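Notes for the one structure printed next.
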Amino acid sequence: MPGSSEIDPARLGAQVDSLAAIEQLRSIAERVPAFLVGGVVRDLLLGRDVADLDVAIEGDAEALMDLAGFSLERDALFLTGRLERDDVKIDVAQARAESYPAPGALPEVRPASIDEDLARRDFTINAMAFPLGGDRQLLDPHAGVEDLRAGELRVLHDGSFVDDPTRALRAARYAARFGFELEPGTERLLRAADLSTVSEDRIDKELGHIAAERDPAAALRLIADWGVMPSLDPNAADRVAEVTRLAAAPPWSAWVDRGLAVKLAIVRPLPQIRELAGATPERASEGTRLAQPWDPAQLLVARALGAEWLDRYASEWRHVTLEIRGDDLLAAGITQGPAVGRGLEAALSGRLDHEISGREEELRIALAAARGEIPED
Ligand code: CTP
């Protein structure tokens, strides 16, 4: 990619028939006119794996109530449904038309035909539908196949980013994921997009989607290049690139919530995290004391900012435990209270710094610290 000439809509029927969910899809299509829509169709055409399936139906979702594993959900005014059975998940929504009461606001919706449903969508490559019954010929009224072949993102109409400016962020996500370019007219419209009309919540959600991408930094670089998000920190993409690189390998891969760490790396790090990143602890106990209060995702951001010693914390120091417990100190005559914590902490520091080993030495240090015989550092 970008683009591929191997995209072949004639193969769609066979591809759909070999989906794990084909039985369930058929049982939906027996009851109402039903279409695979949006990302699924795009991904099948691109030969990519498809996970969750989106189905649009013309008609009432209640017609599907008798299907095993089907449940109805009320989404604002609309009935939507979900069929969940074995490993199969299908989201079913009634085909709808949208109108935008104000730029950036959530749309008003009404039931509509599949053609109108496709016409409300963001990009031509997402505005195709594959009928699960009837002639099973791809519906592609906006020439999405052509744009997939050319590797281009194209909006369906000039008002698209005015209706929904978050589409500018979606464009960055798709452009980065597929290596696609913006069609020139779309680029002009996108650069004029105004995200200030959109609630922070919705922007946050889009950034969350970007964080879940394989290469979120690539999407952020596009957003910065296009100038559509003035509030985006100019260093965000570099921080995110480093976070995703580190999150892919031990010791961070098994520990950190990658999506959360990337989201944290998009915004300017907290002053305390910058301070942590600049710290140069000389001993394991000191590093552990600095790192302990923080969530792994915050720590990974500090690591990405340069605190290499945090690798040791992630791989070793955080696993160090004591053989003694608070009860052992109580049994030795220490009164319940802060002295116990002080004692345990001193013993842990001793272990971390390899100054002591074994239960006996732990207890000796802990009791001395609890009795105030060791000065605290
Ligand atoms: N959509 C849209 N405008 C938006 C959000 C979504 O037109 N602001 C449409 C697109 O047609 C999209 C579909 O709704 O294909 C489903 O949206 P979503 O689940 O977010 O995206 P997918 O296409 O499934 O893509 P992916 O999950 O792979 O990012």
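Summary of values
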| read-out | value |
| --- | --- |
| Wholly enclosed helices (runs of 4 or more DSSP H) of the range 323-377 bearing at least 1 residues in contact (Cβ under 8 Å) with a residue 24 or more places away in the chain, closer than 26 Å to residue 282 by Cβ and open to solvent by 20 Å² or more (accessible area, probe 1.4 Å) | 338-352, 358-370 |
| Whichever residue in the range 78-90 is within 14 Å of the ligand (Cβ to nearest atom) and of a type in the set (Val, Ile, Thr) and, among such residues, is least open to solvent (accessible area, probe 1.4 Å) | 90 |
| Residue that is farthest from residue 197 (Cα to Cα) [pool: residues in the range 155-171 that are open to solvent by 30 Å² or more (accessible area, probe 1.4 Å), part of a helix (DSSP H, G or I) and near the ligand (Cβ under 10 Å from one of its atoms)] | 170 |
| The range 290-306: number of residues that are within 21 Å of residue 353 (Cβ to Cβ) and surrounded by 24 or more Cβ atoms within 10 Å (Cβ to Cβ) | 2 |
| Odd one out for residue 141, checked against (1) more than 29 Å from the chain's Cα centre (by Cα); (2) assigned to a loop (DSSP other than H, G, I, E, B); (3) more than 14 Å from the ligand (Cβ to nearest atom) | (3) |
| Residue match in the range 230-249 (condition: in a helix (DSSP H, G or I), touching a Gly at 6+ places or on another chain (Cβ under 7 Å) and either open to solvent by 30 Å² or more (accessible area, probe 1.4 Å) or farther than 28 Å from residue 102 by Cβ (or both)) | no |
| Qualifying strands (runs of 3 or more DSSP E) (wholly inside the range 1-82; at least 1 residues being out of contact with any helix residue (DSSP H, G or I) (no Cβ under 9 Å at 6 or more places or on another chain) and of a type in the set (Asp, Glu)) | 70-75 |
| Selection from the range 109-128 of residues that are near the ligand (Cβ under 10 Å from one of its atoms) and either part of a strand (DSSP E or B) or closer than 17 Å to residue 182 by Cβ (or both) | 121, 122, 123, 124, 125, 126, 127 |
| Qualifying position, being within 28 Å of residue 149 (Cβ to Cβ), of a type in the set (A, V, I, L, M, F, W, C) and more than 26 Å from the chain's Cα centre (by Cα), among 56, 95 | 95 |
| The range 64-104 - residue that is among the acidic types (Asp, Glu) and in contact with a strand residue (DSSP E or B) (Cβ under 6 Å, 6 or more places away or on another chain) and, of those, modelled with the lowest pLDDT | 73 |
| Answer residue from the range 187-201, given it is within 15 Å of the ligand (Cβ to nearest atom) and outside any loop (DSSP other than H, G, I, E, B) and is nearest to residue 260 (Cα to Cα) among those | 201 |
| Tabulated pairs, the range 252-263, first part of a helix (DSSP H, G or I), second open to solvent by 20 Å² or more (accessible area, probe 1.4 Å), C-beta under 6 angstrom, 6+ apart or interchain | 259/212 |
| Some residue of the range 192-202 being farther than 19 Å from residue 102 by Cβ and modelled with pLDDT of 95 or more | no |
| Number of positions in the range 91-111 that are surrounded by 18 or more Cβ atoms within 10 Å (Cβ to Cβ), of a type in the set (Gly, Ala, Ser) and under 29 Å from residue 71 (Cβ atoms) | 2 |
| Residue list for the range 36-62, restricted to those being near the ligand (Cβ under 10 Å from one of its atoms), crowded, with 16+ Cβ neighbours inside 10 Å and modelled with pLDDT under 95 | 38, 50 |
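Okay, residues lined up against (1) in a helix (DSSP H, G or I); (2) more than 10 Å from the ligand (Cβ to nearest atom); (3) closer than 21 Å to residue 247 by Cβ; (4) among the aliphatic types (A, V, I, L, M):
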position: 173; (1), (2), (3), (4): yes, no, yes, no
position: 185; (1), (2), (3), (4): yes, yes, no, no
position: 203; (1), (2), (3), (4): yes, yes, no, yes
position: 206; (1), (2), (3), (4): yes, no, yes, no
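The values are calculated or read from the model by the stated rules, or taken from the named source; none is laboratory data. Note that this is a predicted model, so its numbers are computed, not measured. Cβ sites come from the backbone with ideal geometry, for glycine too, and all protein chains shown count toward neighbours. Note: areas computed on protein heavy atoms with side chains; ligands, DNA, RNA excluded. Shrake-Rupley method; radii C 1.70, N 1.55, O 1.52, S 1.80 Å.
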